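J.: Submitted below is the structure of interest, expressed as structure tokens.
The values are calculated or read from the model by the stated rules, or taken from the named source; none is laboratory data. Nothing here was measured: the structure is a model prediction, and the numbers come from that model. As a convention, Cβ positions derive from the backbone with ideal geometry for all residues, glycine included, and neighbour counts pool all protein chains shown. Keep in mind that these areas ignore ligands, DNA and RNA; they rest on the heavy atoms of the full protein, side chains included. Shrake-Rupley method; radii C 1.70, N 1.55, O 1.52, S 1.80 Å.
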Amino acid sequence: MAASGPADDTGPPSGASPGADGTLRDQLRAAFAGALSGAAADGVFPVATAADMPALLDQVRETADPKFGDFSGTMAMGLAKAAGRKPRDVAVDVAKRLAATPGFDTTFAPPGDPVGPGFINVRVRDEALATAVSAAFVDDRLGVPRVARPETIVIDFSSPNVAKPMHVGHIRSTVIGDALTRILRFRGHRVITDNHLGDWGTQFGMILWGWKHCRDDAAFAADPTAELGRLYRSVRKIADAKPEDLAADPAAAALAARHPGAAEEVLQETARLHAGDEENRRLWQSFMPACLADIERLYRRLDVSFDHWLGESFFQPFLADVVTDLERRGLARESRGAVGVFVDGDDKPPFLVRKADGAFLYATTDLATIRWRLEHWHPDRILYVVDHRQGQHFEQLFKTAHRWGIPGLDRVALVHVAFGTVLGEDGKPFKTRSGDTVGLESLLDEGVERAAAVVAADEGLSDGERRLVAETIGIGAIKYADLCQNRTTDYVFSYDKMLELKGNTAAYMQYAVARVEGVFEKGGIDRMALRRSAPAIVPADPKERALALAILRFGDVLADVEADYRPNLLTTWLYDLAGRYSAFYDSLPILKCPEPERTSRLALADLTGRVLRKGLELLGIGTVRRM
Ligand code: ARG
């Protein structure tokens, strides 16, 4: 593997598009690639094939302690082991090969011991840092390069089941999916978002049965989704027939007593809808507009939108063909009246695509959806941002889809971007006091109400402004609390924690932005004019240096988010960046210091503000001018 040309130490002229050579880390990794293949060719360690290279280069990371430089390569340990040599010797060899890399210094210290036990420590040269951060300042992408090979990426997220109230669980898919969408788009990919609504599932059997047996017309006229929700909840109790549920709901119990066959009839209502029964279709159609209006209102509040809303119902016309095609190819066969694909072997539960009563399933729709997306969108990747409890469904789905042999599927990455459960402060799945799941709308309302108490009586704000600020802070807090978690773990939902002004919270980050921008107000400085003047930023002090280096990591962090679909890497970095800004701001004069430092520091502050704002924007979190 050849090294791509070393970084141009002079950097692009202002106004050009920086990032052609990538971030500092990209440039350094390119230099490592050259050094490692050179060392391999000279027999220092076994040949690293091109395929091994990405994993080796992934070991070039930021150091935690500036004493050891700004970056460190840790691959010498593993390579030395394979070659039966001392890690130190391998590190020294690679460091020597890197020595000629413009912009980077491998010979700085620690005194007498440049590589320690085998780390390859690298410091960014001051001129190179100044050039890079000054270039980011005049770049409307803030120094973030575009991906070299843009892909078409379908993101299937949010996808709630309509006519069931949206609850706290849906916030995760919605918020994580939206953040990934924004980040991947900013990186330069072509992202297609699709809200795969559950608008055709068994909940409609319950609602249809309820509609026919116990609807309240006046309640429906007044608030259609509330009435549909009530029907859904009470019919589910009747169909499940759990004595404790029925004991708590006398109306449902009475109905259950009158309709001993209810559970069966509910299933038949779904089957009838799927078979095209005219009355059920008509009713379904009459329910949909109110259901959609309800969810759309939530998306507006969350500032989330979709390119497509191809719900399960859209794929209905294709389902029968999916089953016959799978049967014809000998992949699906009958199993106790139903039809399934035995993806995990004959002794394991099959992936069911048709029930004994003829109804199609979630699985059937998902298969049809993959085929449709490939035919119409030609994606390189499809991401499903869905609860981890559906892990087995997606495993079976992906296996079945591959066996089915949808043309072109072998070149498509299918990824289940799974996430954990939202817990209450008692450590159990988040519920209201009465034991119901928490509705998403009331969850947002409460967040905003509590934020209003925090925003409190800022003198200068009108009532309307205060409400707007509270909405931004409250919703931002809920989103950030979700996004800053490692997505695969469960997390505890706590209004108090998420609205704290200290710590890794949205409020702290929003406050940091307001604080950065306050400098310009205080100094009466025209930020636009400052930007047009394209000043040189010279990070001379260690605090400035630390801040500049963090700013220049923006592109790396977004790449890392994409590699693992983990928005929390972005929140962690933003929090770190805000901390470095505080250290800079608290210890160095800005407005009162002499030129040229004054302008350099102002520019660094302005850039920090823009980067923080952009980072929050990529998470779908708004900022306010004052709080
Ligand atoms: N409607 C499903 C639910 O709420 C999620 C759908 C996810 N997307 C998919 N293509 N299966 O659980």
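J.: Below 8 Å, C-alpha to C-alpha, sequence gap of six or more: please give me the relative contact order for the chain in percent.
T.: Values: 959 pairs, mean separation 88.4, N = 627.
Relative contact order, the chain: 14 percent.
J.: Using the Kirkwood radius built from alpha carbon pairs, what does the Stokes-Einstein equation give as D for the stretch 39-160 at 37 °C and 0.692 mPa s, in µm² per second? Don't skip to the end; give the middle numbers.
T.: Working: Rh = 16.8 Å.
Using the Kirkwood radius from Cα pairs, D works out to 196 µm²/s.
J.: Now, a different point. Just tell me which aspartates and glutamates come within less than 15 Å, Cα to Cα, of K502; anything on the same chain fewer than 8 places away is out.
T.: D576
J.: Here is a follow-up. What is the projected area of the convex hull of the Cα atoms of the stretch 20-79, averaged over all directions, in nm²?
T.: Values: hull surface 18.0 nm².
Spelled out: convex hull of the Cα atoms, projected over all directions, averaged, 4.5 nm².
J.: Using the alpha-carbon atoms, what tilt in degrees (0 to 90, nearest 10) does helix 506-523 show relative to the longest principal axis of the chain?
T.: 40
J.: Among 539-545, 379-385, how do they line up by average Cβ neighbours within 10 Å per residue, starting with the highest? Numbers along the way, then the final one.
T.: Details: 539-545: 17.7, 379-385: 21.7.
With the highest mean Cβ count within 10 Å placed first, the list reads 379-385, 539-545.
J.: Hey, what number do you get for the chain at 222 nm if only DSSP H runs of n ≥ 4 count, each worth -39500 (n - 2.57), divided across all residues, to the nearest 500? Before the final figure, lay out the partial values.
T.: Details: 25 runs with 333 residues, N = 627.
Dividing the helical sum by the residues of the chain leaves -17000 deg cm²/dmol.
J.: Show log10 I(q)/I(0) for the stretch 255-388 at q = 0.11, 0.19, 0.21 Å⁻¹, two decimals, from a solvent-free Debye sum over equal Cα scatterers.
T.: The calculated log intensity ratios at q = 0.11, 0.19, 0.21 Å⁻¹ are -0.56, -1.28, -1.34.
J.: Follow-up. Give K164/K479; K164/K497; K497/K522 a once-over and call out the pairs whose C-alpha atoms are over 25 Å from each other. It would help to have the intermediate numbers written out before the result.
T.: On the way: K164/K479 22 Å; K164/K497 29 Å; K497/K522 31 Å.
Exceeds cut-off: K164/K497; K497/K522.
J.: Please provide three numbers in whole Å: the alpha-carbon extents of the stretch 267-342 along the principal axes, with the largest listed first.
T.: 48, 29, 19
J.: What's the percent breakdown of Cα-Cα distances in the chain across 10 Å bins, shortest bin first?
T.: 3, 14, 20, 22, 18, 12, 8, 3, 0
J.: State the volume of the convex hull built on the alpha-carbon positions of the stretch 312-455, expressed per residue in Å³ and rounded to an integer.
T.: 183
J.: Antiparallel as a % of all DSSP beta bridges within the chain, to the nearest 5? Don't jump to the answer; show the numbers that get you there.
T.: Values: 19 of 39 bridges.
Given both bridge residues lie in the chain, the antiparallel proportion sits at roughly 50 percent.
J.: Starting with the highest mean, order 151-164, 593-606, 612-625 by the number of other Cβ atoms within 10 Å, averaged over the residues of each peptide. Each step should come with its number before you reach the end.
T.: Numbers: 151-164: 23.4, 593-606: 18.2, 612-625: 20.9.
Per-residue Cβ counts within 10 Å, averaged per peptide and sorted highest first, yield 151-164, 612-625, 593-606.
J.: Roughly what angle does helix 362-377 make with the longest principal axis of the chain, taking Cα atoms, 0 to 90 degrees, to the nearest 10?
T.: Here the helix axis deviates by roughly 50 degrees.
J.: Expressed as a whole number of Å, what is the distance separating the alpha-carbon centroids of the stretch 515-575 and the stretch 269-342?
T.: What the calculation gives is 46 Å, centre to centre.
J.: With every protein chain left in place, what is the accessible area per residue of the stretch 313-463 in square angstrom, probe 1.4 Å?
T.: Counting only protein heavy atoms, the per-residue value for the stretch 313-463 is 50 Å².
J.: For the stretch 119-218, what size does the Cα cloud have along each of its three principal axes, sorted from largest down, in whole Å?
T.: 78, 34, 25
J.: Once the stretch 377-532 is represented by equal point scatterers at the alpha-carbon sites, with solvent omitted, what log10 I(q)/I(0) does the Debye formula produce at q = 0.10, 0.11, 0.13, 0.17 Å⁻¹?
T.: These q points yield log10 I(q)/I(0) values of -0.59, -0.68, -0.82, -1.03.
J.: Nothing charged except the Cβ atoms of Lys and Arg (+1) and of Asp and Glu (-1): what's the magnitude of the dipole of the chain about its Cα centre? Round to the nearest 20 debye. Please report the intermediate quantities before stating the final value.
T.: Values: 77 positive and 87 negative charges, 176 e Å.
Dipole about the Cα centre, nearest 20: 840 debye.
J.: Moving on to the next point. Please report, largest first and rounded to whole Å, the three semi-axes of the ellipsoid equivalent to the stretch 465-513, where each semi-axis is the square root of five times an eigenvalue of the C-alpha gyration tensor. Could you put the intermediate results ahead of the total?
T.: Values: eigenvalues 80, 25, 16 Å².
The answer is 20, 11, 9 Å, longest axis first.
J.: Roughly what percent of Cα-Cα pairs across the stretch 515-627 reach past 25 Å?
T.: That fraction is 22 percent.
J.: Among the aspartates and glutamates, which fall within straight-line cross-link reach of K348, defined as a Cα-Cα distance under 17 Å, with same-chain neighbours fewer than 8 residues apart omitted?
T.: Here the aspartates and glutamates satisfying the reach criterion relative to K348 are E334, E395.
J.: Is the shape of the stretch 452-597 rounded, prolate or oblate, going by the alpha carbon gyration tensor and its root eigenvalues a ≥ b ≥ c, with a/c under 1.5 for rounded and a/b larger than b/c for prolate? Please list the in-between numbers first.
T.: Working: a/c = 2.24, a/b = 1.23, b/c = 1.82.
The shape class here is oblate.
J.: A follow-up question, please. Size of the stretch 548-593 along its principal axes in angstrom, Cα-based, largest extent first?
T.: Principal axes ranked by extent give 43, 15, 11 Å for the Cα atoms.
J.: Which lysines, on any chain, are close to K86 with Cα under 24 Å apart, when same-chain ones fewer than 8 places away are left out?
T.: K67, K96
J.: Related question: Need one number for the stretch 189-308: average projected area of the convex hull over its C-alpha atoms, nm².
T.: Working: hull surface 38.4 nm².
Computing the convex hull of the Cα atoms and averaging its projections yields 9.6 nm².
J.: Determine the distance separating the Cα centre of the stretch 132-200 from the Cα centre of the stretch 238-256; give it in Å without decimals.
T.: For the stretch 132-200 versus the stretch 238-256, the Cα centre distance is 42 Å.
J.: Tally Lys/Arg at +1 and Asp/Glu at -1 over every other residue whose Cβ is under 15 Å from the Cβ of A548; what's the total? Before the final figure, lay out each step's value.
T.: Numbers: positive: R25, R123, R125, K543, R545, R553, R580, R601, R610; negative: E62, D70, D126, E127, D139, D541, E544, D556, D576, E597, D606.
Net of charged neighbours comes to -2.
J.: I've got another one for you. Return one number: the angle in degrees, 0 to 90 and rounded to the nearest 10, between the long axis of the Cα atoms of helix 168-186 and the longest principal axis of the Cα atoms of the chain.
T.: Approximately 40 degrees, to the nearest ten.
J.: Let me ask something else. For the stretch 513-627, what does the accessible surface come to per residue with a 1.4 Å probe? Please give it in Å². Don't skip to the answer; put the middle values down first.
T.: Values: 4550 Å² over 115 residues.
On a per-residue basis, 40 Å².
J.: Per the 1.4 Å probe, what fraction of the accessible area of the chain, in percent, lies on carbon and sulfur atoms?
T.: 53
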